[in-house]
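We did not get these values from a lab; they are worked out from the coordinates using the rules stated. These numbers come from a predicted model, not from an experiment. Note that each Cβ is placed from the backbone with ideal geometry, even for glycine, and that neighbours are counted across all protein chains shown.
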Amino acid sequence: MSGEELLTVGALHAGYGAAPVLFGVDLAVREGEIVSLVGSNGAGKTTLLRAISRTIPARGVLRFAGEDLLPLSPEGAFSRGLVQVPEGRQLFGRMSVEENLAMGAHRRRDGRVKASFERVYALFPKLAERRRQLAGNMSGGEQQMCAMARALMADPRLLVVDEMSLGLAPVIVDLLLAVLRDIRAQGVTVLLVEQDVFAAFEVADRAYVMETGRVVREGPVTELAHDPAVRDAYLGAAE
Amino acid sequence: MVLPQILLNGVLLGGLYGLMALGMALVWGVLNIVNLSHGALIMLGGYAVYFLFTVTGLDPFAALPVAMAAMFAFGYLLQRRLLNLVVRSALLNTLLITFGLDVVLTYLAQLAFTADFRTINPTYSGANFAVAGLTVPVVRLAAFGIAIALAATLWFVLARSPLGRAIRATSQNLTAARLYGVDPGSLYAVTFGIGAALAGAAGGLYGMVSNLTPYIGAELTAKSFVIAIIGGLSNPFNVILGGVFVGVAESLAALYLGPTFTNVVGFGLLVGILVVRPSPSIRAA
């Protein structure tokens with residue numbers, strides 16, 4: 001099911017000013033995959049995302065669909081279909097759900113925006129019910145749905161989801177994971193960045209484990225779930 | 001019939017006051033800049049219409065859109081080249097830079113236009129008609145109508161157009177707006193341009209009902225400030241309503257207390273409203 005490499009990260013170094021955070025990260029996401037990036041607080045996940053979305057300078061190899069990302073601006077990366085669902089959702093709280101979704105399609109000039117609305121409302125029927133409600137007045141789970149739907153409105157090739165499960169009830173997380181599978185089935189590749197390894201491994205094909213700015217383990221989640229080091233560090237010893 | 005006439009005058013003048021404050025409220029609400037040079041922009045708009053009328057012979061009402069376009073361009077460049085440096089910085093920075101701008105514009109205007117009093121005087125400037133015993137001045141009625149029409153246009157743009165949606169989104173969450181491809185620099189410039197264009201329209205109308213000098217800016221900034229707070233920053237119609245409120249209050253003060261008390265009443269209202277009903281009016285764009 002996985003095809004060409006969509007996102008290629010090679011020996012990537014990045015940081016803030018004089019403080020390096022990433023020390024030669026290698027990572028690849030192939031078309032049609034759900035890849036998960038896990039690691040504890042401070043492992044460098046968010047920094048890697050910032051480098052990928054071109055909001056901080058970086059050194060190394062960074063390619064998207066064969067094109068060099070490094071010289072691009074954040075808008076440039078976005079317009080090529082590399083779209084983020086930011087940590088903390090970052091909704092427009094005093095705008096309706098529908099207006100939030102419309103902002104996702106703000107830069108689109110093709111005539112298919114209406115079709116995208118129907119598509120995301122089919123993925124998130126709850127949002128269709130609440131389309132006139134102010135985004136800021138919804139529950140955390142609904143806000144996360146709204147943030148993901150808004151990103152889908154940008155018609156992404158690669159959807160990067162940062163800390164999707166943070167602060168949400170397990171039953172909501174399960175629902176969102178199911179939606180990620182549906183999104184992938186519609187041809188959108190997904191990079192899921194998570195602290196919750198259980199949630200991430202449930203849906204991903206492959207995963208990367210980061211520690212202190214390096215990738216320390218990688219492979220199919222079926223293998224990683226049985227890797228003693230990963231189990232001790234992230235999954236707990238309980239069987 | 002003195003009181004109804006005074007009330008009518010107050011309402012008509014108040015519409016123009018509301019239009020003056022509209023651009024200031026927009027810029028304040030979206031960019032968080034309290035633009036102390038707003039009155040100077042009104043003054044420049046007034047001179048633009050004055051010269052279009054006296055030099056080219058264009059009817060002053062027809063000159064309004066031309067002046068608005070010119071003021072939009074001026075406001076756009078001002079924001080792009082200068083004010084984007086301080087947008088979203090500390091309030092004091094924005095006050096300092098716009099105060100400096102006010103001084104510069106005022107004295108450049110004095111240099112260019114001299115300190116003479118000028119009035120935009122089309123042939124129909126004294127025309128009026130009577131309704132139910134009240135005298136309705138044509139120019140003031142037209143100014144009132146234009147103020148309402150521009151407020152309605154602004155409301156429509158903000159609430160219904162993609163541009164307005166992007167403006168509101170950026171004022172609510174800059175990070176997310178950037179994430180989805182909004183270029184804040186140009187959006188701020190367009191917003192300030194709209195504010196300057198509204199100031200330009202207000203200036204042209206002001207020049208038809210009153211006198212233009214290079215020094216009218218400071219007082220008009222103060223008046224706009226009061227009305228923006230009374231009307232709130234979120235709804236253009238409330239700003240017009242705030243203007244009408246101040247216009248009526250000033251007219252009544254002029255009638256019962258004497259004309260020198262009009263400004264006391266305007267600012268007295270501001271203090272009173274902030275005491276009785278603080279904050280909700282100044283929150284939220």
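Values for this structure:
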| read-out | value |
| --- | --- |
| Other-chain or far-sequence residues with amide H under 5 Å of A:G24's (modelled H) | A:L12, A:H13, A:A14 |
| Rh by Kirkwood over Cα pairs, then Stokes-Einstein D for the range A:1-70 at 1.567 mPa s and 4 °C, µm²/s | 104 µm²/s |
| Coordinate range along principal axes, alpha carbons of the range B:29-121, Å, largest first | 45, 26, 20 |
| Likely footprinting exposure, A:E5, A:E98, A:E163, A:E67, fewest C-beta neighbours within 10 Å first | A:E67, A:E5, A:E98, A:E163 |
| Förster-model FRET efficiency, 30 Å R0, B:V157 and A:L134, C-beta, rounded to 0.05 | 0.90 |
| Span per principal axis, largest first, for the Cα atoms of the range A:126-209 (Å) | 39, 27, 16 |
| Per-residue Cβ neighbour rank within 10 angstrom, fewest leading, B:V11, A:V160 | B:V11, A:V160 |
| Mean projected area (nm²) of the alpha-carbon convex hull when the range B:2-276 is viewed from all directions | 15.2 nm² |
| Longest to shortest principal axis, alpha-carbon extents of the protein assembly as shown, angstrom | 92, 45, 44 |
| Shielding by other protein chains, B:168-178, mean Cβ within 10 Å | 6 |
| Choice from B:A196, B:A21, B:A151 with maximal GNM fluctuation in chain B (Cα, 10 Å cutoff) | B:A151 |
| Among B:L13, B:L111, B:L26: highest mean-square fluctuation, GNM of chain B, C-alpha pairs under 10 Å | B:L111 |
| Residue of B:Y76, B:Y256, B:Y215 that the Gaussian network model of chain B assigns the largest fluctuation, springs spanning Cα pairs under 10 Å | B:Y256 |
| Mean Kyte hydropathy of 0.0 or more with a Cα span along the axis of at least 24 Å, helices from DSSP in chain B | B:2-31, B:38-56, B:60-81, B:91-113, B:138-160, B:184-209, B:236-256 |
| Three-way shape label, the range B:60-187, alpha-carbon gyration tensor, a/c 1.5 | oblate |
| Distance from the range A:12-60 to the range B:101-115 (C-alpha centre basis), Å | 54 Å |
| For the range B:122-171 versus the range A:93-135, the gap between their alpha-carbon centres in whole angstrom | 33 Å |
| Contact order relative to length of chain B, as percent, for alpha carbon pairs under 8 angstrom and 6 or more apart | 40 percent |
| Reduced Cα scattering model of chain A, Debye log10 I(q)/I(0), q = 0.12, 0.13 Å⁻¹ | -0.66, -0.78 |
| 3J(HN,Hα) from dihedral phi, the range A:44-57, Karplus parametrisation 6.51/-1.76/1.60, rounded to Hz, x for glycine, proline | x, 4, 5, 4, 4, 4, 5, 5, 5, 7, 6, 8, 10, x |
| Relative pair counts by distance (%), Cα atoms of the range A:92-155, 10 Å bins | 25, 59, 15, 1 |
| Ranked list, fewest to most other Cβ atoms within 10 Å of each Cβ, for A:K126, A:K45 | A:K126, A:K45 |
| Contact order normalised by residue count of the range A:92-155, Cα under 8 Å, 6+ apart, percent | 56 percent |
| Mean-position separation - Cα centroids, the range B:1-33 and the range B:209-228, in angstrom | 11 Å |
| Dipole in debye (nearest 20) - chain A, about Cα centre, beta carbon charges: Lys, Arg +1; Asp, Glu -1 | 1000 debye |
| The range B:155-209: Rg to Rh, with Rh as the Kirkwood radius over Cα pairs | 1.13 |
| Charge dipole magnitude, Cβ of K and R +1, D and E -1 - the protein assembly as shown, Cα centre, debye nearest 20 | 1220 debye |
| Charge-dipole axis of the range A:175-239 as Lys and Arg at +1 and Asp and Glu at -1 on Cβ define it, positive-most pick from A:I183, A:M210, A:V197 | A:I183 |
| Counting DSSP beta bridges with both ends in the protein assembly as shown, the antiparallel % (nearest 5) | 60 percent |
| Shielding by partners, peptide A:4-16 (average Cβ within 10 angstrom, other chains) | 0 |
| Cut-off under 5 Å, modelled amide H: who pairs with A:E211 long-range | A:V216 |
| Inverse of mean 1/r across different Cα pairs in the range B:1-82, Kirkwood, Å | 14.6 Å |
